[in-house]
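All of the numbers you see were taken from the coordinates with simple rules; none came from a lab. These figures come from a predicted structure and were not determined experimentally. Using ideal geometry, Cβ is built from the backbone for each residue, glycine included, and neighbour counts are taken over all protein chains shown.
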């Protein structure tokens, strides 16, 4: 079975400015890499569509939806980091809707997971605010769709972007139907994602934050996925895995302070494939978040696709990480999460 791929020219029409790091070149480089990739015949392109208002309204207030709609055809500054160009609203609708189409295709068995190469990104957008380059929260809209429209009981969101996905966490903080797991640099923008933020109400224990100091590398991240995410996920038994796939923890990224390699993203994806094999085969869907070295991001995307397709190149990194010491921050997260999970 093929992997699903969402891409569309509209995503490159979102242009927040000539010097902005969240730029169309990010997708141009990805397209170039895909065209020369030996595995491109394994991909099935999924045509995106605009997200509908009622789909966005599952996670966003109507006032926010109307505010973003009001930027259609205009260049508007929404906050110091986040702005629109004339096609940004349409791109944002298609970003959320494209991810929905890919999720439905994976859930229905038409594809074996895949990736949505969309812009603008989404995980910082809250119910009522655009921020951190994000207009609509694509991954939160998708998770809400899987739960409320498709009837799933347990959706896992894994966010490996170097920044904490505050908007995604907020969307499901009091829900046990979505488990949010995040690795992120701390202290760093947006200042959220404390290890003690574990969810509230019925969702207590279903938010797993792993803040990390700058400078963490492949072994650190792999140990976190092996020693924290893997056991939690096996107990949670997700029916679908969504990934906020930011590539700004890469060693070559100009904004982040982490040291991940291309292959590390493949290794992390292999962990997710392993979880899915136990719980929800074929239901691992990545959506693009950050990543501001376009060439490093493009290489890393290919590693993720290769891992989804069954390539085991990342397994050697996993074996090496097994012999490395646990990062100190992981010990603290294990202590906190052991209140809720058998770790």
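If you check 106, 140, 130 for being out of contact with any helix residue (DSSP H, G or I) (no Cβ under 9 Å at 6 or more places or on another chain) and more than 16 Å from residue 23 (Cα to Cα), only one passes: 106. Going through (1) out of contact with any strand residue (DSSP E or B) (no Cβ under 6 Å at 6 or more places or on another chain); (2) in contact (Cβ under 8 Å) with a residue 60 or more places away in the chain; (3) within 21 Å of residue 163 (Cβ to Cβ) one by one, residue 293 falls short only on (2). Against the conditions (1) crowded, with 23+ Cβ neighbours inside 10 Å; (2) under 17 Å from the mean Cα position of the chain (by Cα), residue 314 satisfies every one except (2).
One residue alone among 96, 110, 91, 116 is in contact with a strand residue (DSSP E or B) (Cβ under 8 Å, 6 or more places away or on another chain), touching a residue at least 12 places away in the same chain (Cβ under 8 Å) and either on the phi > 0 side of the Ramachandran plot or surrounded by 21 or more Cβ atoms within 10 Å (Cβ to Cβ) (or both), and that residue is 116.
Return the residues of the stretch 180-190 that are under 18 Å from residue 140 (Cα atoms) and part of a loop (DSSP other than H, G, I, E, B); say none if nothing qualifies. Once the filter is applied, which keeps residues that are under 18 Å from residue 140 (Cα atoms) and part of a loop (DSSP other than H, G, I, E, B), the stretch 180-190 yields only 190.
Exactly one residue out of 248, 262, 220 is more than 25 Å from residue 116 (Cβ to Cβ) and either surrounded by fewer than 20 Cβ atoms within 10 Å (Cβ to Cβ) or in contact with a helix residue (DSSP H, G or I) (Cβ under 9 Å, 6 or more places away or on another chain) (or both), and it is 220. Across the stretch 316-341, the number of residues qualifying as more than 14 Å from residue 226 (Cα to Cα) and either touching a residue at least 40 places away in the same chain (Cβ under 8 Å) or assigned to a helix (DSSP H, G or I) (or both) comes to 9.
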